[in-house]
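Heads up: the structure comes next, in structure tokens.
Read-outs: derived from the displayed coordinates by stated rules, not from any lab. Worth saying up front: this structure is predicted, and the values here are computed from it rather than measured. Here the Cβ positions follow ideal geometry from the backbone for every residue, glycine too, while neighbour counts run over all protein chains shown.
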Amino acid sequence: MPNTQQLKDLTTQVRRDILRMVHKVNSGHPGGSLGCAEFFVALYSEIMDRKDHFDMDGIGEDLFFLSNGHISPVYYSVLARSGYFPVNELNTFRLINSRLQGHPTTHENLPGVRIASGSLGQGMSVALGAAQTKKLNKDSHLIYSLHGDGELQEGQNWEAIMYAAGNKVDNIIATVDLNGQQIDGSTDDVLPMGSLKAKFEAFGWTVVEINEGNDIEAILKGMAEAKSKTGQGKPVCVLLKTVMGHGVDFMMHTHAWHGKAPNDEQLARGLEQNPETVGDY
Amino acid sequence: MKTYTNTGNKDTRSGFGAGLTELGKTNENVVALCADLIGSLKMDDFKANHPERFFQVGIAEANMIGLAAGMTIGGKIPFTGTFANFSTGRVYDQIRQSVAYSDKNVKICASHAGLTLGEDGATHQILEDIGLMKMLPGMTVINPCDYNQTKAATIAIAKHHGPVYLRFGRPKVANFTPEEQTFEIGKALHLIDGTDVTIVATGHLVWEALEAAKVLNAEGISAEVINIHTIKPLDNEAIIKSVSKTGCIVTAEEHNFLGGLGESVARVLATNKPTPQEFVATNDTFGESGTPEQLMEKYGLNSDAIVKAAQTVIKRK
């Protein structure tokens with residue numbers, strides 16, 4: 001089991017990967033990716049019970065579904081650094097003939113990915129379906145999923161959220177990346193959603209809040225609490241408060257870097273703030 | 001001329017229900033989902049016999065498609081059930097991303113397709129669903145003709161790995177497919193041999209094509225009738241072979257001519273063997289309220305329309 005410093009070092013490396021991937025192809029989504037780096041590292045290094053190899057059915061292990069597929073850079077980096085495919089393949093992000101499509105897909109048989117995402121609002125339903133199959137298979141492992149906060153403006157989520165409570169799907173931990181930003185501005189400016197905690201609770205979910213979503217220890221503690229609340233007849237939601245662009249000072253607290261790549265000089269500054277740890281790809 | 005006997009009118013949706021009941025007994029991986037239309041889709045038996053494998057999702061079709069996609073992960077074979085309109089247009093992006101692009105083994109089972117839904121009118125009578133579904137890469141599109149064939153198709157698609165759109169209807173129609181006939185996806189069925197004109201029909205229009213062939217035969221016109229139950233993948237060979245003999249073709253379907261069977265056939269012929277073709281299909285229009293018979297008459301989708309189309313296309317040879 002890695003210690004906290006090792007997880008922090010890996011997170012710094014993941015941030016370097018994200019910056020270098022989007023810089024190389026001058027496209028992609030660094031902001032949300034950087035904000036979720038700690039969550040992904042904690043999830044894949046510590047939280048999930050995973051098999052060494054990848055198979056689509058994933059019987060006998062925890063599964064993860066990414067609903068806000070545009071943060072593919074952080075997903076690909078952590079998948080590669082968790083051993084699903086060679087880290088050198090990060091070099092092919094968004095290039096023609098690559099398995100690392102702009103948004104994640106199963107179409108190119110990339111190990112670690114079980115569903116295409118990118119068109120928003122679909123991942124909650126998919127994760128719940130996988131959770132139902134776990135129950136049918138008498139597989140006690142859990143389903144984890146991640147959703148953007150802006151993404152919850154898509155109505156399908158609320159169909160799924162209603163379904164989950166109504167059918168007591170209690171083997172899922174759905175995390176919402178609460179960074180308060182979306183493409184056109186802050187979520188409060190674009191479409192205020194009020195209290196997501198109150199909304200999830202009103203729909204019959206158990207809600208766990210992680211207020212320091214860029215702190216590894218806080219994530220591990222909060223996710224352990226969330227896990228302890230599974231299996232009690234209610235679906236579990238984690239509201240993970242993160243800072244978009246975290247770890248690169250000029251990218252933080254703004255929606256400006258949602259879908260914009262850094263130039264050479266900006267990349268250099270970003271990498272300087274995130275020195276190489278376990279090794280660049 | 002070979003003739004077929006109607007063993008008694010039955011609805012194709014009940015064929016689906018019977019097929020699903022059979023699958024419940026024979027394949028423990030089959031699960032079923034329904035969006036508040038259990039009775040209409042004839043899913044009651046499956047629900048009663050396998051409550052643990054049946055999922056009532058409420059009036060939430062987008063969620064139903066996503067749930068079905070997720071359920072395949074771990075080996076289940078989900079059959080979703082709702083009306084054709086809500087199985088396709090309402091959830092197109094969910095099917096596109098979570099099912100087709102993700103190559104998930106989901107069977108989208110769609111009842112009340114086309115005009116023969118009847119009195120509910122155009123909001124529920126989708127005439128564009130074949131086009132929507134056939135355009136999705138990897139999607140198999142099946143439109144069986146009667147009760148027995150719908151039952152056999154339902155059983156057959158469980159054995160096929162990949163997304164399938166299975167389209168059927170509401171009214172009781174002639175049931176003439178032999179009960180024991182197995183269903184082979186993508187393999188057209190040669191129903192009547194003929195030499196003057198080929199009639200390829202799908203769904204409810206197959207029986208109308210058989211009726212039309214009788215009328216044409218009485219006029220001294222020898223019509224070849226082919227049942228194209230699978231629109232994608234299309235049995236190109238059967239179509240090319242038939243028109244090589246007859247030299248002209250009529251396509252018949254309960255669907256808009258834009259995007260339907262006729263267009264798929266036209267493409268095959270244009271690239272292989274250019275052939276005069278007439279389309280029995282709706283003409284870029286919505287439907288309306290009425291009885292199924294009145295609607296099929298008004299929109300030109302019955303045996304009379306097929307006879308006229310055959311007479312027209314023969315003159316174009």
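Along chain A, counting only GluC sites (Glu not before Pro) with a DSSP assignment other than H, G, I, E or B and at most 13 other Cβ atoms inside a 10 Å radius, the longest segment between sites is A:109-275. Residues whose amide H lies under 5 Å from that of A:F64, counting only those 5 or more places away or on a different chain, are A:Y144; hydrogens are built 1.01 Å from N in the peptide plane.
Entry for chain B at q = 0.12, 0.13 Å⁻¹: log10 I(q)/I(0) = -0.73, -0.86, Debye formula applied to identical alpha-carbon scatterers, no solvent contribution. Taken one residue at a time, the phi angles of region A:242-253 give Karplus couplings (6.51, -1.76, 1.60, θ = phi - 60°) of 10, 10, 4, x, 3, x, 10, 4, 7, 9, 7, 6 Hz. Gly and Pro are set to x. In degrees from 0 to 90, rounded to the nearest 10, what is the angle of the helix A:216-228 Cα long axis to the longest principal axis of chain A? It is inclined by approximately 20 degrees. Shown for A:R20, A:R269: other C-beta atoms within 10 Å of each C-beta, ranked fewest to most, produce the order A:R269, A:R20.
Taking one quarter of the surface of the convex hull spanned by the alpha-carbon atoms of region A:1-155 gives a direction-averaged projected area of 9.0 nm².
Under the convention that each Lys and Arg Cβ holds +1 and each Asp and Glu Cβ holds -1, the size of the dipole of chain B around its Cα centre is about 660 debye. Comparing B:K172, B:K298, B:K214 in a Gaussian network model of chain B where C-alpha atoms under 10 Å apart are linked, the largest mean-square fluctuation is found at B:K298. Remark: C-alpha extents of region A:32-119 on the principal axes read 34, 27, 27 Å, sorted largest to smallest.
Tell me whether region B:139-181 comes out rounded, prolate or oblate; compute the Cα gyration tensor, take square roots of the eigenvalues as a ≥ b ≥ c, and use a/c under 1.5 as the rounded threshold.
Numbers: a/c = 3.15, a/b = 1.54, b/c = 2.05.
Since a/c reaches 1.5 but b/c is at least a/b, the shape of region B:139-181 is classed as oblate.
Calculated on the Cα set of region A:4-273, radius of gyration then Dmax: 17.3, 53 Å.
Annotation: lysines with alpha-carbon distance below 16 angstrom to B:K308 (same-chain offsets under eight excluded): B:K214, B:K298, B:K317. The phi-based Karplus calculation (6.51 cos²θ - 1.76 cosθ + 1.60; θ = phi - 60°) puts the 3J(HN,Hα) values of region A:118-134 at x, 6, 6, x, 9, x, 5, 4, 4, 4, 5, x, 5, 5, 5, 5, 3 Hz, whole numbers, x for Gly and Pro. Amide H to amide H distances under 5 Å link B:L191 with B:V225, B:I226, B:N227, where only residues 5 or more positions off or on other chains count and H is placed in the peptide plane. Counting only alpha carbon atoms, the long axis of helix B:147-159 and the longest principal axis of chain B meet at about 50°. Specify the residue with the greatest mean-square fluctuation among B:V106, B:V206, B:V265, computed from a Gaussian network of chain B linking alpha-carbon atoms under 10 Å apart. Checking each option, the largest mean-square fluctuation is seen for B:V265.
Distant-in-sequence amide contacts of B:V250, defined by a placed amide H-H separation under 5 Å and a gap of 5 or more residues or a different chain, comprise B:T198, B:I199, B:V200, B:E278. Computed over region B:10-173, the convex hull of the alpha-carbon atoms projects to a mean area of 8.1 nm². Counting neighbouring Cβ atoms within 10 Å and putting the fewest first, the residues A:S72, B:S222 line up as B:S222, A:S72.
Among the trypsin sites (Lys or Arg not before Pro) within region B:1-36, those in coil by DSSP and having at most 16 neighbouring Cβ atoms inside 10 Å are B:K2.
DSSP beta bridges in region B:10-173, what fraction antiparallel, as a percent rounded to 5?
10 percent
Does anyone have the angle between helix A:155-166 and the longest principal axis of chain A? Alpha-carbon axes, 0 to 90°, nearest 10? With rounding to tens, the tilt is 40 degrees. Exposure proxy ranking for A:D62, A:D55, based on other Cβ atoms within 10 angstrom of each Cβ and starting from the fewest, stands as A:D55, A:D62. Highest mobility in the GNM of chain A, judged by mean-square fluctuation with C-alpha springs under 10 Å and restricted to A:L95, A:L178, A:L152, is found for A:L95. Listed values for region A:59-74 are Karplus-derived 3J(HN,Hα) couplings in whole Hz (6.51 cos²θ - 1.76 cosθ + 1.60, θ = phi - 60°), namely 6, x, 8, 6, 10, 10, 10, 9, 8, 7, x, 5, 8, 4, x, 5, and x replaces Gly and Pro.
Excluding same-chain neighbours fewer than eight residues apart, the lysines reachable from A:K260 by a Cα-Cα span under 24 Å are A:K24, A:K241. What the Cβ-Cβ distance of A:L191 and B:K172 gives, at R0 = 45 Å and to the nearest 0.05, is a FRET efficiency of 0.40. Quick check: Cα centre of region A:249-281 to Cα centre of region B:30-91, how many Å? Here the answer is 45 Å between Cα centres.
The alpha-carbon of A:K199 sits under 18 angstrom from the alpha-carbons of these aspartates and glutamates, leaving out residues fewer than 8 places away in its chain: A:D149, A:E151, A:E154, A:E159, A:D170, A:D177, A:D188, A:E209.
Diffusion coefficient of region B:241-317 by Stokes-Einstein, Kirkwood radius over Cα pairs, 10 °C, 1.306 mPa s: 121 µm²/s. In chain B, the DSSP-assigned H stretches of four residues or longer account for a calculated mean residue ellipticity at 222 nm of -10500 deg cm²/dmol, using -39500 (n - 2.57) per stretch and the full residue count as denominator. Ranked from largest, the principal axis spans of the Cα set of region A:1-42 equal 36, 15, 11 Å. The ellipsoid equivalent to the alpha-carbon distribution of the protein assembly as shown has semi-axes of 52, 25, 20 angstrom, derived from the gyration tensor eigenvalues as √(5λ) and listed largest first.
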